[in-house]
Amino acid sequence: MKNDKINKWLVAALCLGLLITSMAGAIQIYDRFLARSSIEVFKQPISLTASNSDSGVIAFLQRNNDKIVYIDNVLDSSLATQEHALVQAQCQVDIDAILSQDIVNVPLLLPIYDHIDELICSGHYLVLTMTDNTTYEYSAGGTGIAMIRFKGFFEITTTYHSGPSVYFHLKEIDVPFNVKMQVMQYSYSEE
C-alpha cells in the first residue's frame with residue numbers, strides 16, 4: 001500500500017515536471033520568435049568598397065541590436081571604379097578572402113563617408129557567423145563587379161572596441177518554419 005502511494009506521488013511529480021518544462025519551452029519559443037511584432041527585413045546592398053552613408057545599413061543594425069532580422073541582399077566588393085580601388089587599397093579590403101568565403105568571424109569594414117577624401121578606415125564593422133544554410137553566392141563580371149548574394153535569419157549583437165570601433169555581429173540562426181514563411185510572404189509581397 002505504501003509503495004502504491006509513493007508510485008502515485010512519483011508519477012504525479014513527473015507529470016507536473018513535464019508540464020512545467022513544456023510550458024517553459026513554449027514561453028521561450030513565444031518570446032524568441034512570436035512576441036516580436038515583426039522581424040525586420042533588410043534588402044539594400046552592403047558595400048565593402050564604397051560608402052554606405054545612404055544605404056541605411058548602420059541605422060538598421062543599430063535599431064535591431066539584440067533582435068532577429070532577415071537579410072536578403074548583396075555584399076558589394078566591386079572594384080569597378082577608381083573610388084572602389086581607392087577604398088580597397090586604403091582600407092586593405094581583402095577581396096580574395098571575401099570571394100572565397102574566408103570572412104566568417106572576420107571584421108569587415110563598412111565604409112561611411114560623404115566624400116572620398118573624408119575616408120577613414122575605422123568605425124563600423126560587420127562580423128558574420130554563418131552556417132551551411134546561409135545563401136552565399138558569388139557573382140562577378142569582367143568589369144570589376146564582384147557581388148556576393150547573402151541571405152538568412154540573423155541575430156544582431158553589438159560590441160564596442162578601441163579606435164573607437166563598433167562591431168555588428170550577425171549570427172545566423174534557425175527559426176521555426178512558420179516564422180520563415182511569415183517573413184518570406186511579407187518580404188516578397190512588398191516587391
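Some values worked out for this structure:
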read-out	value
Test: residue in the range 48-58 that is of a type outside the set (Lys, Arg), in the same structural domain as Phe153 (by TED's automatic domain parsing), assigned to a helix (DSSP H, G or I) and surrounded by 14 or more Cβ atoms within 10 Å (Cβ to Cβ)	yes
Subset of the range 86-100 [in contact with a strand residue (DSSP E or B) (Cβ under 8 Å, 6 or more places away or on another chain) and within 12 Å of Pro111 (Cα to Cα)]	Cys91, Val93
Selection within the range 72-84 - of a type outside the set (Ser, Thr, Tyr) and surrounded by fewer than 14 Cβ atoms within 10 Å (Cβ to Cβ)	Gln82
Candidates Val87, Val69 - the one that is within 19 Å of the chain's Cα centre (by Cα), crowded, with 16+ Cβ neighbours inside 10 Å and in the same structural domain as Val179 (by TED's automatic domain parsing)	Val69
Residue within the range 77-94 that is modelled with pLDDT under 90 and closer than 20 Å to Ile173 by Cα present	no
Any hit, the range 122-129, residues being surrounded by 15 or more Cβ atoms within 10 Å (Cβ to Cβ), in contact (Cβ under 8 Å) with a residue 12 or more places away in the chain, part of a loop (DSSP other than H, G, I, E, B) and over 18 Å from the mean Cα position of the chain (by Cα)	yes
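The values are calculated or read from the model by the stated rules, or taken from the named source; none is laboratory data. Not measured: the values here are computed from a predicted model. Because the Cβ atoms are built from the backbone with ideal geometry, glycine has one as well, and the counts that use them run over all protein chains shown.
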